[in-house]
Amino acid sequence: MKKELYKKMVSEVEKIYPEFNPSLRVGVPVPILIQEAENLFHWCQPDKAALKQAGLDWKLVQDIPKRIKFVQELEAQWFIARKTKSTSKKIYLDALQQCRALCAQLVRDFRYALSDVKDAMEYLAKYNRYRKTEKVGQDLRSLALLGKKQAASLSKINFDLALLDKAKAMGKGLQIKDSSTVIDIERAQLKSLYVKACIHLKEAVTEVRRCGRYVFHGNKARLVGYRSEYRRLHKTKA
C-alpha cells in the first residue's frame, strides 16, 4: 500500500473513530471479512444503477478496495508486532539474566578487594541483587566506573580488568534491549487502529448489503450475493 494512501486511511479512520472502544467487535474472522468484502465489491458492479437509484452512495462501493488493502496492511503489521514481542522479550530476559550474574560477580570481587576502601564499601552495601529490572543496566555501568577507579586494588587479587569494559557494554546494551521491548503503547495503538480499520470495512460491507437486500428482496438470483455466507453457516450477526 502506498505511503500516501496509508496516511490518508489512518487519518480517515482515526477521525471517524477518535476513541477506541474495547467492546468493538468485528464479528467475523478478518480473513473472512476481507474475502466477503472482495466478493461483494465484484458482485454489486452490475447492480450499480439499481443501487444508486435506491440511494446508495457509489463512492462507498469504490472505497471498499482501499479499505481492504488498509486492513491487510495493518493485519501484516499486527502479525509482525506480535511475533516481534515474543522474540524481543526472550532476548531481553536472557541478557538480563547475564547482567545480573555479572553484577553479582563484580560485587563479590569488589567487596573482597576493596574492603578497606570506605566509599566503595558504602556503595556496595547498598547493592541489592534483587534490584528492579530497570536498575540493573545502571548498576553494571556504575560498578564498571568504580572498578576503573580502584583498578590498582583490584589487580592485587588478579581481578580481570577486562570485565569492567564488558560490564559497561552489557549495561548499555541491556538498556537498548529494554527500550526496544517497551513498545506496549505503540502495540496497543496499532491494535486499536487495526480493529478500527476492520470496523470501517465491515460498515461499508453492511451498508452495501443492506441496500442490496432492499433492492433485490424479490430476486433470489441477485439477493444471494448480498448475504453473508459466514453468517448463514454460523448463525452470527456478521
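The values are calculated or read from the model by the stated rules, or taken from the named source; none is laboratory data. Predicted, not measured: the structure shown is a model, and the values here were computed from it. When we count neighbours, we look across all protein chains shown, and the Cβ atoms used for this are built from the backbone with ideal geometry, even at glycine.
The residue that is surrounded by the fewest Cβ atoms within 10 Å (Cβ to Cβ), among those in region 114-130 that are touching a helix residue (DSSP H, G or I) at 6+ places or on another chain (Cβ under 6 Å) and at pLDDT below 85, is 129. The residue that is nearest to residue 210 (Cα to Cα), among those in region 49-78 that are part of a loop (DSSP other than H, G, I, E, B) and not small (Gly, Ala, Ser), is 56.
Looking at this structure, is residue 231 in a helix (DSSP H, G or I) and within 15 Å of residue 60 (Cα to Cα)? For residue 231, the condition - in a helix (DSSP H, G or I) and within 15 Å of residue 60 (Cα to Cα) - is not met. Tell me whether region 83-95 contains one or more residues that are crowded, with 16+ Cβ neighbours inside 10 Å, among the β-branched types (Val, Ile, Thr) and either under 32 Å from the mean Cα position of the chain (by Cα) or not assigned by TED's automatic domain parsing to the domain that holds residue 195 (or both). Taking every residue of region 83-95 in turn, none turns out to be crowded, with 16+ Cβ neighbours inside 10 Å, among the β-branched types (Val, Ile, Thr) and either under 32 Å from the mean Cα position of the chain (by Cα) or not assigned by TED's automatic domain parsing to the domain that holds residue 195 (or both). Considering only residues of region 172-225 that are among the β-branched types (Val, Ile, Thr) and not in a helix (DSSP H, G or I), which is modelled with the lowest pLDDT? So the residue we want is 182.
The residue that is modelled with the lowest pLDDT, among those in region 1-48 that are surrounded by fewer than 11 Cβ atoms within 10 Å (Cβ to Cβ) and not in a helix (DSSP H, G or I), is 22.
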